[in-house]
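Worksheet: one structure, shown below.
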Amino acid sequence: DVPAAGKASTRYDLEKETELRFEVESGEAAEQVELELLTGMGEVFGSELNRNKKYTFGPGSKIAVFTWQGCSVNLYGKPEVAYVSKDTPMLLYLNTHAALEQMRKQAERDNERGPRVMVVGPTDVGKSTVCRLLLSYAVRVGRRPTFVELDVGQSGVSVPGTVSALCIERPADVEEGFSVQAPLVYHFGSTTPGTNIKLYNKLTSCLAEVFSQRCEVNRKASVGGCIINTCGWVKGSGYQALVHCASTFQVDVVLVLDHERLYNELKRDLPHFVRVVLLPKSGGVVERSKECRRDARDEKIREYFYGFRGVTYYPFSFEVRFSDVRIYKIGAPSIPDSCLPLGMSQDDTQLKLVPVTPGRDLTYHVLSVSSAEDGDEGARKGIVESPVCGFIVVTHVDTQAQVMKVLSPAPRPLPRHTLLIMDIRFMDMK
Ligand code: ADP
């Protein structure tokens, strides 16, 4: 074999229904690993590989090449680990897809709506991967499913601290995942639903409503149904948020990954017509450390401003006068019930817009630019439920001059002047 660009290569001959799992070292200095399909057919998380094309995977990637019929592949470079496994739940996942496809066919026949599926389980059981797989299989048979991303810690669609929905029109790109043109994104503001569970549930309902409205006017979207990815927090309010999601989206199917207690609880608490299915997790799913998660979040924000692999963006940096914008935080700190003004409940405080006075502590915070019209006080009501049109990062605050410098994907001026602050910070090292 002639190694690509001087890299060592290793050939793997995979039997049918087996997968090659490999991990790329993480860290800035880590060497990328390339993958090439030589013979047969293979797929990465539901997306088919083209023969004799080299796919590049960067630091920290954890990949599985699965084959239904058998194939051979080459890996170029030095993966941290690489091994072949015969023990995968792929057949169960494919059967799940087949069952969902049956439901879509029936929906088509009976002029009803297609399956609404919620994927749940603790962190690192492969929820996002199962969503990607089911969505890619669905588009491959001509469906147009909607992906609903409720994982505010590790969003596959937008920056962390958001929930979103995306119509899937083609299978995920092997290297880059789903193409994210025009997603519908809402500001949550932090990486765990627990910081403001009322807001989290409210936004889940907003997405459900927009999706239902779309289904009413778009038959393909209705038949395609949706796949909802959720957070790994499955206890207490986290569990209640799952029950809320099931009810507001009127889900038909819940896929529980690797968590028997959660499976039993949901079976007990959801209406009997909801099909709750327990699925094993793949042995290939790798647990990620706190640092690993934080790096992934940081990378997602960097991608938003600077682009990804082949596509380079050139963000803008400009000054914004304090007097030109209104900055809010959603949710006032909770106070004891006994101290609340008469007639006010904690719910009201969690959804309240609290004006933020710009100061030095704003530096490095990510701000969502709300799509809400810049109106008077009356218009403030709709801000929580308005999607966002983009994000900026505060890079410097000058309290003397009453201006802040921001990093923005578009040139000045800002499209809107209502900004929502996130707990999340991004330090631009470029
Ligand atoms: P969750 O959404 O439950 O947190 P993910 O779907 O993000 O979990 O999976 C965690 C990591 O494991 C991801 O980096 C993913 O690429 C990797 N992964 C998933 N399935 C496999 C597999 N079969 N082999 C190797 N890596 C996998």
**Message:** Among 102-114, 195-207, how do they line up by average Cβ neighbours within 10 Å per residue, starting with the highest?
**Reply:** 195-207, 102-114
**Request:** Give me the angle, in degrees from 0 to 90, between the Cα long axis of helix 236-248 and the longest principal axis of the Cα atoms of the chain, rounded to the nearest 10.
**Result:** 80 degrees
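Express in % the proportion of alpha carbon pairs of the stretch 154-195 at distances exceeding 18 Å.
Values: 270 of 861 pairs.
That fraction is 31 percent.
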**Request:** Give LYS105/LYS290; LYS16/LYS53; LYS105/LYS267 a once-over and call out the pairs whose C-alpha atoms are over 31 Å from each other.
**Result:** LYS105/LYS290
**Request:** Would you mind pulling out the separation of the Cα centroids of the stretch 110-177 and the stretch 393-414, in Å?
**Result:** 34 Å
**Global size of the stretch 213-343 as Cα Rg and Dmax, reported in angstrom** = 21.4, 57
**Request:** Among PHE178, PRO271, SER72, flag the residue with its Cα farthest along the positive direction of the charge dipole of the chain, charges on Cβ as +1 for Lys/Arg and -1 for Asp/Glu.
**Result:** PRO271
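Can you give the charge dipole size of the stretch 8-87 about its Cα centre, rounded to the nearest 20 debye, using +1 on the beta carbon of Lys and Arg and -1 on the beta carbon of Asp and Glu?
On the way: 9 positive and 14 negative charges, 45 e Å.
Once rounded to the nearest 20, the dipole reads 220 debye.
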**Message:** Under a Cβ-only charge scheme (Lys and Arg +1, Asp and Glu -1), can you give me the dipole magnitude of the chain about the Cα centre, in debye to the nearest 20?
**Reply:** 500 debye
**Request:** Working from Cα positions, state the angle (0 to 90°, nearest 10) between the long axis of helix 90-110 and the longest principal axis of the chain.
**Result:** 70 degrees
**Item:** Where GluC sites (Glu not before Pro) fall in DSSP loop in the stretch 287-368, at most 16 other Cβ within 10 Å
**Value:** GLU287
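Which loop chymotrypsin sites (Phe, Trp or Tyr not before Pro) in the stretch 292-375, with loop taken from DSSP, have no more than 14 other Cβ atoms within 10 angstrom of their Cβ?
Within the stretch 292-375, the qualifying chymotrypsin sites (Phe, Trp or Tyr not before Pro) (loop, at most 14 other Cβ atoms within 10 Å) are TYR313.
Please say if the chain is rounded, prolate or oblate, where rounded means a/c under 1.5 for a ≥ b ≥ c the square roots of the C-alpha gyration tensor eigenvalues, and otherwise the choice is prolate for a/b larger than b/c and oblate otherwise? Please list the in-between numbers first.
Numbers: a/c = 1.98, a/b = 1.31, b/c = 1.51.
Here the chain falls in the oblate category.
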**Asked** Angle between the Cα long axis of helix 197-217 and the longest principal axis of the chain, 0 to 90 degrees, nearest 10?
**Response** 70 degrees
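Rounded to the nearest 20 debye, what is the charge dipole size of the stretch 265-369 about its Cα centre when +1 sits on each Lys and Arg Cβ and -1 on each Asp and Glu Cβ? Mind dumping the intermediate values first?
Working: 17 positive and 14 negative charges, 76 e Å.
Using only the charged Cβ atoms, the result is roughly 360 debye.
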**Asked** Top mean-square fluctuation among MET90, MET118, MET404, Gaussian network model of the chain, C-alpha springs under 10 Å?
**Response** MET404
**Item:** Global form of the stretch 274-430, assessed from the alpha-carbon gyration tensor, a/c cut-off 1.5
**Value:** oblate
**Prompt:** Setting aside same-chain residues fewer than 8 positions from LYS300, which aspartates and glutamates have a Cα under 16 Å from its Cα?
**Reply:** GLU28, GLU149, ASP151, GLU175, GLU176, GLU291, ASP423, ASP428
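Filter the GluC sites (Glu not before Pro) in the stretch 352-423 down to the DSSP loop ones having no more than 16 other Cβ atoms within 10 Å, then list what survives. Show your work: numbers first, answer last.
Details: sites: GLU373, GLU377, GLU385; in loops: GLU373, GLU385.
When the GluC sites (Glu not before Pro) of the stretch 352-423 are filtered for loop state and at most 16 Cβ neighbours within 10 Å, GLU373, GLU385 remain.
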**Message:** Let me understand the stretch 34-176 better: what is its radius of gyration from the alpha carbons, and its Dmax, in angstrom?
**Reply:** 16.3, 53
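Would you work out if the stretch 1-99 is rounded, prolate or oblate? Take a ≥ b ≥ c from the square roots of the eigenvalues of the alpha-carbon gyration tensor; rounded if a/c is under 1.5, else prolate when a/b is larger than b/c, oblate otherwise. Provide the component values of the computation, followed by the final result.
Working: a/c = 2.16, a/b = 1.55, b/c = 1.39.
Judged from the Cα gyration tensor, the stretch 1-99 comes out prolate (a/c at least 1.5, a/b above b/c).
Computed from the coordinates by the stated procedures, all read-outs in this text should not be read as laboratory data. Worth saying up front: this structure is predicted, and the values here are computed from it rather than measured. Cβ: placed from backbone, ideal geometry, glycine included. Neighbour counts: every protein chain shown.
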